[in-house]
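The values are calculated or read from the model by the stated rules, or taken from the named source; none is laboratory data. What you are looking at is a predicted structure, and each value in this text was computed from that prediction instead of being measured. Note that each Cβ is placed from the backbone with ideal geometry, even for glycine, and that neighbours are counted across all protein chains shown. In case anyone asks, the SASA skips ligands and DNA or RNA and just uses the protein heavy atoms, side chains included. Shrake-Rupley method; radii C 1.70, N 1.55, O 1.52, S 1.80 Å.
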Amino acid sequence: MPAPLRPNTLEEALDILARPMLVQVTAGGPPPRVLPHALLMDAGRVQEMAGIQRLGGEISVGVNNDWAAIIRSSLLRPASACLADAAALMEDESPGGALIQALDAALPDHPALLALTVLDARVEVAVREEGGRIIRRTPPLLAYLQAPPDRPHLPLSVRFAAPFQAAGSALHLEENLSPLQPDARAAAALVIFDPDSGLISAARLALAIPGDWPILCPATDALLGQSPKKETIEAVVRLAQRNCPQPRASAPHFSLALSSHLIRETLDRAIARSQIT
């Protein structure tokens, strides 16, 4: 494989992407899925793609961050800890990888995409227009992956709201399941509390389906206005197992086979983290 191109600036990177050839973008090392006949571009030197910072009530994570940097970041805890959970899974699987490698439409069940789905993330994208001007857009993450711009473009960061307190998130993966076990093998949850009443004011649950995009399960609506009691969690588990649909080409909807332990464990971890001050 020829040595990758290493642009020093965003402008240089977009110049490379404007070439009439297939270019695969990575950062810090080869991607886990190398495209045949593609020119490899290592964007690790592009500053606009670096860093993790809080911008008011929002967190911005540069896509050049490797898994270790995401795991270490205190800014992601506790409200965005599910992204650190995903990074820990990926660091065990492929050490030294970077977030940009998760932004691949061919890997829809990537743990980082599951975490970013439950965080309702958007992606900041630099796009070069016909006249050469560079503009930035922030579409929803999955919308960007499913329908990327038709002009030279480069993802810079992922952004999501992150409360300062009374919020927690978690991502849990069930391992060593047989082929006859539940369809959803990983889940991510976000739980936000009203600091005055101590009741749950917002909650989301996302499920990872092998080979498909993450889905949001509406069962967590049952948590709203409730205290995090065992009975409330069990009600969500039952609702999720009964009512979380997933569209497929073969049928409009079907009910997923969900592990009660998967849902319960993910919600318990998110709630426990929200209590940490």
Here the gain from full extension of E130 to S94, 0.36 nm per residue of separation minus their alpha-carbon distance, amounts to 9.2 nm
Pseudo-spin-label distance Q275 to R238, built 7 Å along Cα→Cβ, given in nm, is 2.4 nm
Amide H contacts under 5 Å for I209, restricted to residues at least 5 apart in sequence or on another chain and with H modeled in the peptide plane, are I215
Scoring only Lys, Arg, Asp and Glu (+1, +1, -1, -1) among other residues with Cβ under 13 Å from the Cβ of W67 yields -4
Mean separation of Cα contacts under 8 Å (at least 6 apart) over the residue count of the chain, i.e. the relative contact order in percent, is 16 percent
Among beta bridges assigned by DSSP with both residues in the chain, the antiparallel ones amount in percent, to the nearest 5, to 90 percent
Counting only residues 5 or more apart in sequence or on a different chain, those whose built amide H sits under 5 Å from that of L39 are L22, V23, Q24
Measuring from the longest principal axis of the C-alpha atoms of the chain, the long axis of helix 81-93 (C-alpha) lies at a number of degrees, nearest 10, equal to 60 degrees
Regression test value, accessible area per residue of the chain, probe 1.4 Å, units Å², expected 47 Å²
Carbon/sulfur accessible area of the chain, % of total, 1.4 Å probe, equals 52 percent
Ordering 68-77, 47-56 by per-residue average of other C-beta atoms within 10 angstrom, highest first, gives 68-77, 47-56
If every Lys and Arg gets +1 and every Asp and Glu gets -1 at its Cβ, then about the Cα centre the chain yields a dipole, in debye to the nearest 20, of 240 debye
A chain fully extended from A68 to A106 at 0.36 nm per residue, minus the present Cα-Cα distance, gains in nm 11.3 nm
Helix 260-274 sits off the longest principal axis of the Cα atoms of the chain, rounded to the nearest 10 on a 0 to 90 degree scale, by 80 degrees
Summing -39500 (n - 2.57) over every DSSP H run of at least 4 residues in the chain and dividing by its residue count gives a helix-only mean residue ellipticity at 222 nm, to the nearest 500 deg cm²/dmol, of -7500 deg cm²/dmol
Interchain or sequence-distant (5+) residues whose placed amide H lies within less than 5 Å of the amide H of A27 are A43
Inter-part gap, Cα centre of the range 19-89 to Cα centre of the range 99-136, in whole angstrom, is 10 Å
